[in-house]
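See below for the structure under consideration.
The values are calculated or read from the model by the stated rules, or taken from the named source; none is laboratory data. Owing to the predicted nature of the structure, the values given are computational and were not obtained by experimental measurement. Positions of Cβ are generated from backbone atoms using ideal geometry, with glycine treated the same way; all protein chains shown enter the neighbour counts. We work out accessible area using only protein heavy atoms, side chains counted, and drop any ligands, DNA or RNA first. Shrake-Rupley method; radii C 1.70, N 1.55, O 1.52, S 1.80 Å.
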Amino acid sequence: MRIGLITDSLGSLPFESALDVACEEGLVSVEVATGNWSTAPHIDLDLVCTSATARDEFVGKVADRGLSINAFNANGNQLHPVSGPEHDRVLRASIDLASKVDVPTVVCMSGLPAPKGSTVPNWVTVGWPPENLQILEYQWTEVALPYWKGLAQYARERGVRLAIEACFSQLVYSASTMLRLIESAGADVVGANLDPSHLMWMGADIPTVIRALGESIIHVHAKDVRINTALAARDGVLDTHGMSDASDRAWNYVSLGLGHPDGEAFWANFVYDLRGVGYDGAINIEHEDILVNSTEGVRRAAAMLRRVVPVAEPDWKPADV
C-alpha cells in the first residue's frame with residue numbers, strides 16, 4: 001500500500017506548495033480534483049485537456065517532485081436534471097484527461113436523480129410512504145442504470161476505471177447500493193472508492209463493509225468522522241445544520257484518528273482489513289476538519305498512517321508438509 005494525498009485537502013495553497021507538503025511527509029502520489037463540487041484550485045481542466053503544453057507542465061510539476069497522480073476526482077451530481085449535464089461534461093473531460101496522461105482512476109459519486117417531472121433531487125432513505133419506493137424505482141431503472149452503463153462504456157474505451165464514492169444524498173450510499181451499481185454497470189471498469197467517513201456516521205461497521213465490497217474496492221480515502229454523542233443521543237445522527245456549525249452538529253468530519261476512542265488502532269485495523277481482501281493501492285488523505293489547520297491536519301494524518309500502513313509485499317510462505 002502507498003499513502004497519497006487529495007490535494008484539495010490543501011486547497012488554500014498553490015499546487016506546488018501542496019505537492020511540497022506531500023513530499024515532505026513522504027507521500028508517493030496525489031489525487032487532484034478537476035471540478036464540479038470542487039473549485040479545482042490546482043488544475044484548469046479545459047486547458048490541460050486541450051493543450052499538450054499545459055498537460056506536460058501540469059504533470060511535470062508532479063513528476064519533478066518524485067510523485068505520481070493516482071486519480072482525478074470529479075465528484076458531483078451528473079444525474080441532476082438541471083446541473084447534471086455540466087457535471088457530466090466535467091466527469092467525461094476528467095476521463096479523457098486521465099486517458100491522455102496515464103492516470104488509472106477517476107473518482108466520482110453515483111449522482112442522485114429527481115423524481116419524475118421534478119427539478120429537485122430526492123434522497124429516498126425509507127420505504128414509506130409507498131410513493132417513496134416508486135420514486136426510487138424510477139431513479140434507478142429509468143435514470144441511473146442507463147446513464148451508468150453508457151458512462152462505463154465511455155471509460156472502458158479510454159482504459160480508465162471509475163471509482164464510485166458512497167455518500168449520503170446520493171443514490172449509492174451503502175455497500176449494498178454500491179454493489180448494485182457496480183454489477184449493473186460493469187465490474188471490469190466500475191469499482192468502489194471506499195471513503196469510510198460517510199458510512200461511519202450512518203452506523204455501518206467498516207470491517208463488515210470492507211468484507212462485503214472485497215475486490216470491488218479499487219481506491220481508498222482516509223477521512224474520519226466524530227459523533228457528537230450528546231447531540232446524537234438527543235436527536236439521532238440525521239442533521240441539517242450547516243457543515244460550518246461544528247458545535248451544533250451531531251457529527252463532523254475530523255482529523256484522522258480523532259473519530260474513534262481507539263484512534264490509531266481503528267486505522268491500523270482498517271488498512272489490515274483492506275489488505276485482507278486484496279487491496280494494495282493508494283490510501284489518500286482527505287482533510288475536511290474545519291477546526292484544524294489543513295496543513296497541520298495533513299501532517300498529523302500522514303504521521304499516523306506511516307505508523308500503520310504496510311508498504312512492502314508480504315513474503316510469508318507456508319512450510320512444506
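If you build the convex hull over the alpha carbons only and average its shadow over all orientations, what do you get for segment 53-93? Give it in nm² to one decimal.
Numbers: hull surface 14.2 nm².
Mean shadow area of the hull around the Cα atoms is 3.6 nm².
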Next on the checklist: Kirkwood hydrodynamic radius, segment 157-309, all distinct C-alpha pairs: what's the number in Å?
Outcome noted: 16.2 Å
Checklist entry - In terms of modelled amide H atoms, which long-range or inter-chain residues lie less than 5 Å from the amide H of VAL254? => result ASP224, VAL225, ARG226
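Contour minus end-to-end for GLU215 and LEU47, with contour as 0.36 nm per residue of separation and end-to-end as the Cα-Cα distance? Walk me through the numbers on the way to the answer.
On the way: separation 168, 0.36 × 168 = 60.48 nm, distance 3.52 nm.
Taking 0.36 nm per residue and subtracting the Cα distance, the gain is 57.0 nm.
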Checklist entry - Could you list log10 I(q)/I(0) for segment 216-301 at q = 0.17, 0.21, 0.27 Å⁻¹, which the Debye formula gives when each Cα is one point scatterer? => result -0.79, -1.03, -1.26
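Mind ranking SER29, SER169 by accessible surface for me, highest first, 1.4 Å probe?
Details: SER29 10, SER169 55 Å².
Heavy-atom accessible area, descending, gives SER169, SER29.
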Next on the checklist: Quick check for the chain: number of Lys pairs with alpha-carbon distance under 27 Å, counting only pairs 8 or more apart or on different chains?
Outcome noted: 4
Checklist entry - Just the projected area, averaged over all directions, of the convex hull on the alpha carbon atoms of the chain: how many nm²? => result 18.6 nm²
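Which of the chymotrypsin sites (Phe, Trp or Tyr not before Pro) found in segment 49-136 are in a DSSP loop and have at most 16 neighbouring Cβ atoms, other than their own, within 10 Å?
Values: sites: PHE58, PHE72, TRP123; in loops: TRP123.
Passing sites in segment 49-136 are TRP123.
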Item to check | Residue-normalised accessible area of the chain, expressed per residue, 1.4 Å probe, Å² | outcome: 45 Å²
Checklist entry - Which one of MET1, SER184, VAL21 is farthest out on the positive end of the charge dipole of the chain, using unit charges on Cβ (Lys, Arg +1; Asp, Glu -1) and the Cα centre as origin? => result SER184
Item to check | Euclidean distance between Cα centres, segment 1-50 to segment 166-242, Å | outcome: 23 Å
Checklist entry - Taking all protein chains as present, what is the carbon and sulfur share of the accessible area of segment 7-58, in % to the nearest whole number, probe 1.4 Å? => result 50 percent
Checklist entry - How many percent of the accessible area of segment 149-230 is carbon or sulfur, using a 1.4 Å probe? => result 48 percent
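Averaged over every viewing direction, what's the projected area of the C-alpha convex hull for segment 148-234? Give it in nm², one decimal, please.
On the way: hull surface 24.4 nm².
Seen from a random direction, the Cα hull of segment 148-234 projects 6.1 nm² on average.
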Item to check | Most mobile of TYR272, TYR173, TYR253 in a GNM of the chain (Cα contacts under 10 Å) | outcome: TYR272
Checklist entry - Cα centroid distance between segment 111-154 and segment 263-315, in Å? => result 34 Å
Item to check | Spin-label model distance (nm) - ASP273 vs ASN132, 7 Å beyond Cα toward Cβ | outcome: 2.6 nm
Checklist entry - Kirkwood-based Rg over Rh for segment 65-205 (C-alpha set), two decimals? => result 0.98
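Kirkwood hydrodynamic radius for segment 1-130: how many Å is it when counted over pairs of different Cα atoms?
Working: mean 1/r = 0.0629 Å⁻¹.
Hydrodynamic radius (Kirkwood, Cα only) of segment 1-130 equals 15.9 Å.
Taking N as the number of residues in segment 48-122, what value does Rg over Cα atoms divided by 2.2 N^0.38 Å take? Mind showing how you got there, number by number?
Numbers: Rg = 15.5 Å, N = 75, 2.2 N^0.38 = 11.3 Å.
Compared with the compact-globule rule of thumb, segment 48-122 sits at 1.37.
Between LYS100 and ASP56, what is 0.36 nm times their sequence separation minus the Cα-Cα distance? Round to one decimal in nm.
Values: separation 44, 0.36 × 44 = 15.84 nm, distance 1.06 nm.
Taking LYS100 through ASP56 to full extension adds about 14.8 nm, to one decimal.
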